[in-house]
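Let me begin by presenting the structure, written as structure tokens, before commenting on it.
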Amino acid sequence: MSNLASVLWPLRKAADAMRALARLSGWHVSSSTSPPPPPHGLTGQSPEGTPGSLSDFMDAVAKHYGLEADPVLLQLAELDAQLRQAPPALLLLRVPKEGILVVLRGRGERLQILSPDGAQTWIQISLIVDALTQPSFAPLLPEIEALLTETGIGEGDRRVHAAREILRRRLGGLAIPGMFLVRLGQGRPLLLLAREQGVTRQILGYSLAHVAQYALGLSLLYLVGRGALDGRIDRGWLWAALLILMAMPPVALIESWLLGRVAISIGILLRRRLLWGAVKLPLDAARQSGYGDFVCQIIESEAVEIGLRAGGIAAGSALLDLLGTLPILLFVSTASALTLLAWVVLVGVVSYCLYRTRQHWTESRFHLVGDLLEKMLGHRTRLVQEPRAQRHRGEDEALVEYHRLGRTLDGWSAALFGLLPYGWLSAGLISLIPRWLDGGTDTAQLGLGLGGVMLAFRALSKLGAGLSQLGGVAIALRRCRHLLHSAAAPEPLPLTAALPSFARDSVVLEARRVTVRYSQGGATPALRDLTLRIRAGQRLLVQGPSGSGKSTLASCLTGLLPLENGQILLGGLDMSALGGRAWRRLVSTAPQFHENHLFSQSLAFNLLLGRAWPPSAADLADAQKVCEDLGLGPLLQRMPSGLHTHVGETGWQLSHGERSRVYIARTLLQRAQVILLDESFAALDPETLSQTLRCVFERAPTLLVIAHP
């Protein structure tokens, strides 16, 4: 334990520890960035959302450095394996003293640790495991020692090993908090992410392997072509060709392996980027563009990943082949080299024409898909209200246009994939005829020329396919470019990691002259110069007619809608000071019924969204108690697996009132300081409403309820 004491970072230097870990991992961290100061009473024993929480402080520091610090529960049964796979990570230890262990990398049974003085040392994993488990094992050790004494096991390694195994089996399901996996934040510039995640190094390695494979193939063509055109094959040249043939398969395997790694890395990078952009989209993005257009964007996001991964690699390798082929043809025949350059330009022109046609064809296809989805959503209304003779108006014209554009697209595709590559074979061979007829031309040069024509044929085929796929990527990016823009949009960084405390009767939430407008221009604001003050412990009821801005007010107070003017303060701090995550942890809402959802997962998963997953026994017990207090006890008794029964579209079906109470329970389980309930009681009968209100009043520290008069 003495070795660990010397390498532990004090909690007050957690920000310095994370910065050092990032720099040694090869991640760019600005030296001018100043993280928030540690809050008063910082400790690893405070849970998330409470003053002095180490997890909240780590999250705030990571955001300032452009990183993510995800807290992870260590499972006692898999502790050794988790520690081997953890680096880079930060570990909270309470023994021999409370501090942070900076884990750089792992090797076998050891972990490389960075100490506060900058030294890097290797420590046995077993020593770290003992430090992590000692706080949990210590209360049970006297009982285990007495048991071992009764069984006659004496002092020594055997006794220590037996005690450890007994404790591990007895506490096998124990989850130990305190590990933070550190990784790059997805809001960084895309090229910087690619470089820091090693994608550029992988691409460089693949390029070198491809060049080596190309050089071997060219050498083989030279040897075989020279021997064939001379009419004799020397034994030495034959052995050289055989050695090249033996060297080509390993190089090809290495090239294929590197290509697979590049494809996987690019796919992971783009998936994370697009998912991060989708998560950060504005609240009403789907409403503004329509659900049909939104579905098309999801489809195109898949096309971006596949097309960029395959098309970019194909086009890049084709350009490498062409750069290698051009000097060969220039050495043999200037006319052949000029013909190849002209053919490359022709491929570019045809690729652009294909891109323009595909763009119009894609827009036509999206129009058909979007129109179909919108009509499916309103099918019942159309059956009742729309005359039968007008239901299919415009569909035939759209299909005819789609078919016409498809035929044009097929024509350009045939030219790019068939006519141009095979046309080059004829043009390239014709350009070599003068050199063939020249009796003074070396046969080796003619062999190189023929090999160059064949290599250019292969390169042009790959270039056409790659440019076609990259054109599809460009079209897809036009449809979902706002996902990438959303991912790169800067987030307000919290100025403090300390959460405000709310004394009785103090002002918890305050809106000062708030104005919100949904559209630009002369549209009437949904809220204008609104001033509101909510004190700790209050129960407020907001009533008003439909369209008066009640739900808009709830969205503003929870930080989901941007303000045109005004300011909202939570505990005296605005959103820029606290940060969005801390704000949403303190203010929780249950939106209107049509804006709330049940996922096709277990009821426990739906209840504990935003709190903890996988849940602890205390989390599940709390969820069970809330459901019973809300009158959902009989429902849980009917469910085959209780809280672990799957609900949602493909699982256990809930009534309207049961769903409403599940949404209320989900909000209460967030342990927020302010609870906002928007039309949450509309589907409840008087008796159930009375029971639900008692539970809400008991559990909500501060409550605001929105309802119709």
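No other residue among 524, 558, 531, 515 is more than 23 Å from residue 585 (Cβ to Cβ), among the polar types (S, T, N, Q) and surrounded by 13 or more Cβ atoms within 10 Å (Cβ to Cβ) apart from 515. Looking at residue 459, is it among the small types (Gly, Ala, Ser), within 24 Å of residue 222 (Cα to Cα) and either part of a helix (DSSP H, G or I) or at pLDDT 80 or above (or both)? Yes, satisfied. Contact map, the range 465-488: first residue in the same structural domain as residue 279 (by TED's automatic domain parsing), second residue among the acidic types (Asp, Glu), Cβ cut-off under 7 Å, separation 6 or more or different chains; pairs are 476/300; 479/300; 480/300.
Here residue 624 passes the criteria (1) under 36 Å from the mean Cα position of the chain (by Cα); (2) modelled with pLDDT under 90 except the one numbered (2).
Only a single criterion out of (1) in a helix (DSSP H, G or I); (2) crowded, with 19+ Cβ neighbours inside 10 Å is not satisfied by residue 27, namely (1). Checked against (1) modelled with pLDDT of 85 or more; (2) touching a Pro at 6+ places or on another chain (Cβ under 9 Å), residue 83 passes all but a single condition, namely (2).
With respect to being modelled with pLDDT of 80 or more and in contact with a helix residue (DSSP H, G or I) (Cβ under 7 Å, 6 or more places away or on another chain), residue 223 falls outside the description.
In this structure, does residue 581 turn out to be assigned to a helix (DSSP H, G or I), at negative phi, buried (at least 21 other Cβ atoms within 10 Å of the Cβ) and in contact (Cβ under 8 Å) with a residue 40 or more places away in the chain? It is false that residue 581 is assigned to a helix (DSSP H, G or I), at negative phi, buried (at least 21 other Cβ atoms within 10 Å of the Cβ) and in contact (Cβ under 8 Å) with a residue 40 or more places away in the chain. The condition of being in contact with a helix residue (DSSP H, G or I) (Cβ under 9 Å, 6 or more places away or on another chain) and closer than 20 Å to residue 612 by Cα holds for only one of 665, 707, that being 665. Checked against (1) modelled with pLDDT under 80; (2) farther than 30 Å from residue 215 by Cβ; (3) hydrophobic (A, V, I, L, M, F, W, C), residue 308 meets all criteria but (2). The helices (runs of 4 or more DSSP H) located wholly in the range 601-696 that include 1 or more residues which are touching a residue at least 60 places away in the same chain (Cβ under 8 Å), surrounded by 16 or more Cβ atoms within 10 Å (Cβ to Cβ) and not hydroxyl-bearing (Ser, Thr, Tyr) occupy 603-607, 617-629, 656-668.
The values are calculated or read from the model by the stated rules, or taken from the named source; none is laboratory data. From a predicted model like this one, the values you see are computed outputs, not experimental measurements. Every residue, glycine as well, gets a Cβ built from its backbone with ideal geometry; the counts of neighbours run over all protein chains shown.
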